[in-house]
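K.L.:
Encoded as structure tokens, here's the structure I'll be asking about.
The values are calculated or read from the model by the stated rules, or taken from the named source; none is laboratory data. Quantities reported herein were computed from a predicted structural model and do not represent experimental measurements. Cβ coordinates were reconstructed from backbone atoms using ideal geometry, including for glycine residues, and neighbour counts include every protein chain displayed.
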2 protein chains.
Amino acid sequence: MKKLINHPEDVVRESLEGFSLAYADLVKVHFDPTFVYRADAPVSGKVALISGGGSGHEPMHTGYVGRGMLSAACPGAIFTSPTPDQMLEAARTVDGGQGVLFIVKNYSGDVMNFSMAADLARSEGLRALNILIDDDVAVKNSLYTQGRRGVGATVLAEKICGAAAERGYDLPRLADLCRRVNLNARSMGVALTSCTVPAVGHPTFDLAEDQIELGIGIHGEPGQRRAQLKPADEIAEFLTLSIIEDGPYQRTVSEWNEEKEEWQDLALESPPLKYGDSVLAFVNSMGGTPAIELPILYRKLAQVCEKKGLRIARTLMGPYITSLEMAGCSITLLKLDEELASLWDDPVKTPGLRWGI
Amino acid sequence: MKKLINHPEDVVRESLEGFSLAYADLVKVHFDPTFVYRADAPVSGKVALISGGGSGHEPMHTGYVGRGMLSAACPGAIFTSPTPDQMLEAARTVDGGQGVLFIVKNYSGDVMNFSMAADLARSEGLRALNILIDDDVAVKNSLYTQGRRGVGATVLAEKICGAAAERGYDLPRLADLCRRVNLNARSMGVALTSCTVPAVGHPTFDLAEDQIELGIGIHGEPGQRRAQLKPADEIAEFLTLSIIEDGPYQRTVSEWNEEKEEWQDLALESPPLKYGDSVLAFVNSMGGTPAIELPILYRKLAQVCEKKGLRIARTLMGPYITSLEMAGCSITLLKLDEELASLWDDPVKTPGLRWGI
């Protein structure tokens, strides 16, 4: 295993220490329990936005803490869910009196722990709601997931809801918005190589020199199938069409009902994309893909979108939700409306995403 | 060779096509001869800043075209110098009547071709000056270089001079500034793995599973020596100390003298860093390094700087000058003064670096 680390068990802590030194003007890090939070937290009169998950996907989530995006992020060990005490202490720290929205990627550990954290927060008198992100169209269930996995849409939800929180959206309105981003987003990824989790010391999976994994998960979970390595155009077209041609997707999620003061099952449906829609196109590197390759994928994505009558109104391209050094990419399309596009354009100042400030 | 490409010979062109689609609001691409330029070029009354070099180092240089940074960038084939006709046509396109400054990394092909381009531009009545970047302390001469190689300082020079050009610095003042950035910057890198040039199809060099190359060049040129893989702290300390303890560095560069209208040899010296200096600390990923590892290096860098009496006043961390998918990093320290720090903070809006706009 070749990595720029010291001891595998110190990777997350040392990385956070360096991170807090490098971005001391933007964020602070609290250890034991561990979370990253805005240097100016709590911001009074604003809903606090908290996310988190296993480390190894940087800049997500810690890199998205700052004005216009997250109030706090709770990093777990690499590819391992953070614990409720991290989320609870983060909530206590960043709550500005308007409550906390937890943005939760759909992995069983994350869902369970964020639900527990929300219950604990409420038992202390904090308002707290959880919204699930489950945008990966590759597989129905997965290694760590019931239902679809949460991937690229998480970055977009954090940006858009972060902007809305700055604008003063209250907690229920912010939860609605976050749900709307998720229901209008679809993603799919591909891996050319595995990554190596430092504590494991060897690649998560083996892929032959001429093989790729279509529909890969961001922790190396199996996707739809293995295939022969193909030209980038074929891969980009396959991913884009898988997203565009994905039908309506129904699922039942568990959300806290503030009026009834109980968890309730909510039936939700993602409407498919249709001719004439405006979209945000997000081409993501899994970490190890050379930057020169992403625009090659974007080029084909744009051609397919044009053919299918989708107008690309906004673009994000780069390594924004990664799997350590995995070579590969994912594509996310988010159907935009005026409100989402406007919130996307709002200023943001975080280590990982910044403009306008 | 596992890459998200179509045919190796189409990589640069297709990547530029996708790039221009993704960032149509910021840049345009001209083909044959090939260069990327600001969508609003020419900007009248402003010196035009042009750089370029072999492709494969993205986001450098094409990703740094935009307001507050480059006016144009000339990409060559991967790891291959662009040609004078690219630079000349770029200069014609972006000149706003105040002349053109070429920022040139010290590689023999780049130096020769940019010099020729400047001569051609002047023969057409354009004002043109070239400033050389040669900040790599690892080796004196190298595979493609007489004298030190130009690496991380290039990104910093492009940002700082780009800001100064926006502020209205005239051509001689901008050339002085660029020279000053270079003379006050030092860099060194390390590789854990090689990258693979698409047209070659196999790794540029072999490194055993337990070996690293200290002082690597950004094209895979040999560095100082091979060493055993070490903990990140030892590597970061070695690179940082190599930079801090590098003595005064003299060289003679060839620059155009506008008054005498001839190329003249200029003796230059880089003063070493000293106790009490303020620096910009730049931790760069070579492309394939997981984002979680960079702050581990930054952490040790910050410790060493503190011990040596250097105050880190500004920070840049991420994949800003890469070598395709090479795993590794480089560190650059730029001694700051008030003017440089203030120019660094100015707004910038490019695909690869953006804040304040």
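K.L.:
Take A:Thr83 and decide whether it is surrounded by fewer than 20 Cβ atoms within 10 Å (Cβ to Cβ), without any contact (Cβ under 8 Å) to a residue 60 or more places away in the chain and closer than 24 Å to A:Asp119 by Cβ.
P.N.:
yes
K.L.:
Would it be correct to say that B:Asn113 is buried (at least 22 other Cβ atoms within 10 Å of the Cβ), assigned by TED's automatic domain parsing to the domain that holds B:Trp256 and touching a Lys or Arg at 6+ places or on another chain (Cβ under 7 Å)?
P.N.:
Criteria not met by B:Asn113.
K.L.:
Go through (1) closer than 30 Å to A:Pro290 by Cβ; (2) touching a Ser or Thr at 6+ places or on another chain (Cβ under 7 Å); (3) among the hydroxyl-bearing types (Ser, Thr, Tyr) and name the single condition B:Tyr249 misses.
P.N.:
For B:Tyr249, the exception is condition (1).
Conditions (1) touching a residue at least 40 places away in the same chain (Cβ under 8 Å); (2) closer than 19 Å to B:Asn257 by Cβ; (3) outside the structural domain of B:Ala199 (by TED's automatic domain parsing), marked per residue:
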{"residue": "B:Leu70", "(1), (2), (3)": "yes, no, yes"}
{"residue": "B:Ala90", "(1), (2), (3)": "yes, no, yes"}
{"residue": "B:Gly97", "(1), (2), (3)": "yes, no, yes"}
{"residue": "B:Val100", "(1), (2), (3)": "yes, yes, yes"}
{"residue": "B:Ser108", "(1), (2), (3)": "no, no, yes"}
{"residue": "B:Ala118", "(1), (2), (3)": "yes, yes, yes"}
{"residue": "B:Arg122", "(1), (2), (3)": "yes, yes, yes"}
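K.L.:
For region B:293-311, how many residues meet the condition of being surrounded by fewer than 20 Cβ atoms within 10 Å (Cβ to Cβ) and basic (Lys, Arg)?
P.N.:
Counting residues in region B:293-311 that are surrounded by fewer than 20 Cβ atoms within 10 Å (Cβ to Cβ) and basic (Lys, Arg) gives 3.
K.L.:
At least 1 residues that are at pLDDT 95 or above, under 19 Å from the mean Cα position of the chain (by Cα) and farther than 22 Å from B:Leu353 by Cα in each: list the strands (runs of 3 or more DSSP E) lying fully within region B:88-193 that qualify.
P.N.:
B:128-133, B:185-191
K.L.:
Where the second residue is in a strand (DSSP E or B) and of a type in the set (Gly, Ala, Ser) and the first is within 16 Å of B:Trp344 (Cβ to Cβ) and lies in region B:306-322, which pairs have Cβ atoms under 7 Å and are six or more apart or on separate chains?
P.N.:
Short answer, once both residue conditions are applied: B:Arg311/B:Ser278; B:Ile312/B:Ala281; B:Ala313/B:Ser278; B:Thr315/B:Ala281; B:Gly318/B:Ser285.
K.L.:
If I go through region B:272-286 residue by residue, how many of them are under 24 Å from B:Tyr107 (Cβ atoms) and loosely packed, with under 15 Cβ neighbours inside 10 Å?
P.N.:
0
K.L.:
Out of the residues in region B:194-216 meeting the condition of being under 21 Å from the mean Cα position of the chain (by Cα), aliphatic (A, V, I, L, M) and part of a loop (DSSP other than H, G, I, E, B), tell me which one is farthest from the other protein chains (Cβ to nearest Cβ).
P.N.:
B:Ile216
K.L.:
Mind checking whether some residue in region A:248-256 is surrounded by 19 or more Cβ atoms within 10 Å (Cβ to Cβ) and in a loop (DSSP other than H, G, I, E, B)?
P.N.:
No, region A:248-256 has no match at all.
K.L.:
Return the pair list, or none, for Cβ contacts closer than 8 Å from residues in region B:45-68 that are closer than 16 Å to B:Thr93 by Cα to residues that are among the acidic types (Asp, Glu), at least 6 apart or on different chains.
P.N.:
Here the result reads B:Lys46/B:Glu166; B:Val47/B:Asp170; B:Ala48/B:Asp95; B:Leu49/B:Glu158; B:Ser51/B:Glu158; B:Gly52/B:Asp110; B:Arg67/B:Asp40; B:Arg67/B:Glu166, each pair linking region B:45-68 to a residue that is among the acidic types (Asp, Glu).
For every residue, the table says whether it meets (1) of a type in the set (D, E, K, R); (2) away from chain A (no Cβ under 14 Å); (3) touching a residue at least 60 places away in the same chain (Cβ under 8 Å).
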residue	(1), (2), (3)
B:Ile218	no, no, yes
B:Arg225	yes, yes, no
B:Pro231	no, no, no
B:Glu237	yes, no, yes
B:Leu241	no, yes, yes
B:Ser254	no, yes, yes
